[in-house]
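Undergrad: I'd like to ask some things about the structure below.
The values are calculated or read from the model by the stated rules, or taken from the named source; none is laboratory data. Everything numeric in this text was worked out from a predicted model, so none of it was measured. Neighbour counts run over all protein chains shown; Cβ positions are idealised from the backbone, glycine included. The area values use the complete protein model at the heavy-atom level, side chains included, leaving out ligands, DNA and RNA. Shrake-Rupley method; radii C 1.70, N 1.55, O 1.52, S 1.80 Å.
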Amino acid sequence: MKRIAILGATGSVGSSTLDLVEREPDRFNVVAVTAASNVEALADVARRTHAELAVIADPRKLPALEAALAGTGCRAATGDAALDEAACMADLVMAAIVGTAGMKPVMSAIKAGVTVALANKESLVTAGSLMMDEARRRNVAILPVDSEHNAIFQCLGSRDCNDVARLILTASGGPFRTKSVEEMAAMSPAQAVAHPNWSMGAKISVDSATMMNKGLELIEAHHLYGLPSEQIDIVVHPQSIVHSLVEFIDGSQLAQLGPSDMRIPIAHALAYPERMETPCERLDLAKVGELTFEAPDPERFPALRLARAALEADASRPIVLNAANEIAVASFLDGKIGFVEIAARVETALEKIDVAAPTSIDDVIAIDAETRARTSERIAA
Ligand code: NDP
């Protein structure tokens, strides 16, 4: 029986995880679940799974959670220590909180020796070196859930990266793949979150539309697989069937294919090193018919260029990139800025910064907080 903690249990990845673990009650035991503020959904999940601990990030919601869980035997809690406790009490933690808020519990899980199924890409973007060093020191497995990195993980098998010439991340191109900059400027939040292939949370859907998602994934891949920026390429593949590829030094490329359903990479991480069945529709290549590929356009999608430059510059710029992007995306979703302004705000945040490389998680949090404050002020001005 694998003990599972699900951080971000009420979100898109969290719900897909629950869908899978609830199908195999003899194999998985959900011990802890967490959410930001959605008490009703969290209490429902905690009751259904008979979790031991439910953590709500918003302290004002604790009394409501306590009331909703009265008599169930599930303890309700709030605060950073409770979130850390949730992350550390399992054999495997599904890290599916969105944004930098998910970083600290991931680090706590690694320090406690808990296997991490990592959906929260922002953890590696901001604190990748610190986390991977800690994971190596403690021999903790980080299992990538992001479909591209999971695809690479599957293609590599037990090989290390010595024989790898390059990693090729596929990108759907998002809902605005064929739009001009002028057309993009007029796009609403509803249009930006309407991803053509994947059903995901709002923030990552907007990141897909700007292609910042692929930029963040480039940085994530660098940390997971230890390859430099120049050995990680991006190719646009609108059908989202090939989830990524590995090219070896002999010129051979291996790819992982599947339908656009996050339950497949999630199942891979949950069952690893074994496999588990999923209810996902099977891929019928004859029905798909055509798989196409094209080079990304850094002019219309400047986020790609910004992310690569941040990765190549130093360890602090990816933190600035990520924090400014989170604020800009939230401002776009709130109707405060237009779509093309998202990347422009990130670019401004990256100009003339002079911060030392982080040597601890506290350094990461300080750079993150300062960037958020500065970007919010600029947007409000
Ligand atoms: P959602 O927005 O759907 O869900 C986010 C979850 O995190 C919710 O449970 C939410 O709780 C919780 N949460 C949000 N803010 C905080 C906070 N400050 N503190 C604690 N908990 C918080 O996100 P997704 O499931 O789409 O994405 C989760 C992560 O996985 C992201 O990092 C994303 O980039 C990554 N990812 C997602 C994919 C997808 O298909 N969705 C694919 C690959 C990666 P509440 O419901 O109460 O708000």
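Undergrad: Out of all the residues in region 27-56, which are hydrophobic (A, V, I, L, M, F, W, C), assigned to a helix (DSSP H, G or I) and over 12 Å from Cys74 (Cα atoms)?
TA: Of the residues in region 27-56, the ones hydrophobic (A, V, I, L, M, F, W, C) are 28, 30-33, 35-36, 39, 41-43, 45-46, 51, 53-56.
This time we only want the ones that are assigned to a helix (DSSP H, G or I), so: 39, 41-43, 45-46.
Hits for region 27-56 are Val39, Ala41.
Undergrad: Take region 17-68 and flag every residue that is in contact with a Ser or Thr (Cβ under 8 Å, 6 or more places away or on another chain), within 11 Å of the ligand (Cβ to nearest atom) and of a type in the set (D, E, K, R).
TA: Asp58, Lys61, listed by residue number.
Undergrad: Further question: For region 369-381, enumerate the residues that are more than 14 Å from Ala330 (Cβ to Cβ) and open to solvent by less than 60 Å² (accessible area, probe 1.4 Å).
TA: Selection gives Ala369 alone.
Undergrad: Would you confirm whether any residue within region 106-118 is closer than 30 Å to Ile319 by Cβ, outside any helix (DSSP H, G or I), touching a Gly at 6+ places or on another chain (Cβ under 8 Å) and in contact (Cβ under 8 Å) with a residue 40 or more places away in the chain?
TA: First pass over region 106-118, keeping only residues closer than 30 Å to Ile319 by Cβ: 106-118.
Add one more test, that the residue is outside any helix (DSSP H, G or I), and what stays is 112-118.
When the remaining residues are screened for being touching a Gly at 6+ places or on another chain (Cβ under 8 Å), the result is none.
No: region 106-118 contains no residue that is closer than 30 Å to Ile319 by Cβ, outside any helix (DSSP H, G or I), touching a Gly at 6+ places or on another chain (Cβ under 8 Å) and in contact (Cβ under 8 Å) with a residue 40 or more places away in the chain.
Undergrad: Just give me the residues in region 322-346 being assigned to a helix (DSSP H, G or I), farther than 24 Å from Met107 by Cβ and in contact with a helix residue (DSSP H, G or I) (Cβ under 6 Å, 6 or more places away or on another chain), in sequence order.
TA: First, pick out the residues of region 322-346 that are assigned to a helix (DSSP H, G or I): 322-333, 341-346.
From the residues that got through so far, the ones that are farther than 24 Å from Met107 by Cβ too are 328, 331-333, 341-346.
Of everything in region 322-346, those that are assigned to a helix (DSSP H, G or I), farther than 24 Å from Met107 by Cβ and in contact with a helix residue (DSSP H, G or I) (Cβ under 6 Å, 6 or more places away or on another chain) turn out to be Ala328, Ser331, Phe332, Leu333, Ile342, Ala343, Arg345, Val346.
Undergrad: When region 349-368 is examined, which residues are found to be part of a helix (DSSP H, G or I) and open to solvent by less than 40 Å² (accessible area, probe 1.4 Å)?
TA: Ala349, Leu350, Ile361, Val364, Ile367, Asp368
Undergrad: Further, regarding this structure: Do you know which residues across region 128-176 are away from the ligand (no atom under 16 Å from the Cβ), part of a helix (DSSP H, G or I) and not small (Gly, Ala, Ser)?
TA: Leu130, Met132, Asp133, Glu134, Arg136, Arg137, Arg138, Cys155, Leu156, Cys161, Asn162, Asp163
Undergrad: Test Ser240 against the stated conditions and say whether it is touching a residue at least 12 places away in the same chain (Cβ under 8 Å), assigned to a helix (DSSP H, G or I) and either more than 23 Å from Lys179 (Cβ to Cβ) or within 13 Å of the ligand (Cβ to nearest atom) (or both). Please lay out each step first, then the result.
TA: On the way: touching a residue at least 12 places away in the same chain (Cβ under 8 Å): yes; assigned to a helix (DSSP H, G or I): no; either more than 23 Å from Lys179 (Cβ to Cβ) or within 13 Å of the ligand (Cβ to nearest atom) (or both): yes.
Spelling it out, it is not the case that Ser240 is touching a residue at least 12 places away in the same chain (Cβ under 8 Å), assigned to a helix (DSSP H, G or I) and either more than 23 Å from Lys179 (Cβ to Cβ) or within 13 Å of the ligand (Cβ to nearest atom) (or both).
Undergrad: Only one of these is more than 27 Å from Gly8 (Cα to Cα) and open to solvent by less than 10 Å² (accessible area, probe 1.4 Å): Val235, Val206, Val246. Name it. Can you show your working first?
TA: Values: Val235 fails: open to solvent by less than 10 Å² (accessible area, probe 1.4 Å); Val206 fails: more than 27 Å from Gly8 (Cα to Cα).
None of the others qualify; the one that does is Val246.
Undergrad: Quickly run through region 73-89 and pick out the residues that are part of a loop (DSSP other than H, G, I, E, B) and open to solvent by less than 60 Å² (accessible area, probe 1.4 Å).
TA: Those that are part of a loop (DSSP other than H, G, I, E, B) and open to solvent by less than 60 Å² (accessible area, probe 1.4 Å): Cys74, Thr78, Gly79, Met89.
Undergrad: Please work out which residue is surrounded by the most Cβ atoms within 10 Å (Cβ to Cβ), limiting yourself to region 23-72 and to residues that are within 17 Å of Asp91 (Cα to Cα) and of a type in the set (Asp, Glu).
TA: My answer is Glu52.
Undergrad: Taking the criterion of being in a strand (DSSP E or B), out of contact with any Phe, Trp or Tyr (no Cβ under 7 Å at 6 or more places or on another chain) and touching a residue at least 12 places away in the same chain (Cβ under 8 Å), would at least one residue in region 9-26 satisfy it?
TA: Looking for residues that are in a strand (DSSP E or B), out of contact with any Phe, Trp or Tyr (no Cβ under 7 Å at 6 or more places or on another chain) and touching a residue at least 12 places away in the same chain (Cβ under 8 Å), one finds none in region 9-26, hence no.
Undergrad: While we're looking at this one, here's another question. Checking the condition under 19 Å from Asn213 (Cα atoms), among the charged types (D, E, K, R), outside any helix (DSSP H, G or I) and open to solvent by 50 Å² or more (accessible area, probe 1.4 Å), which residue from Arg308, Arg300 passes? If you could, list the steps in order and put the result at the bottom.
TA: On the way: Arg308 fails: outside any helix (DSSP H, G or I).
After applying the criteria, what remains is Arg300.
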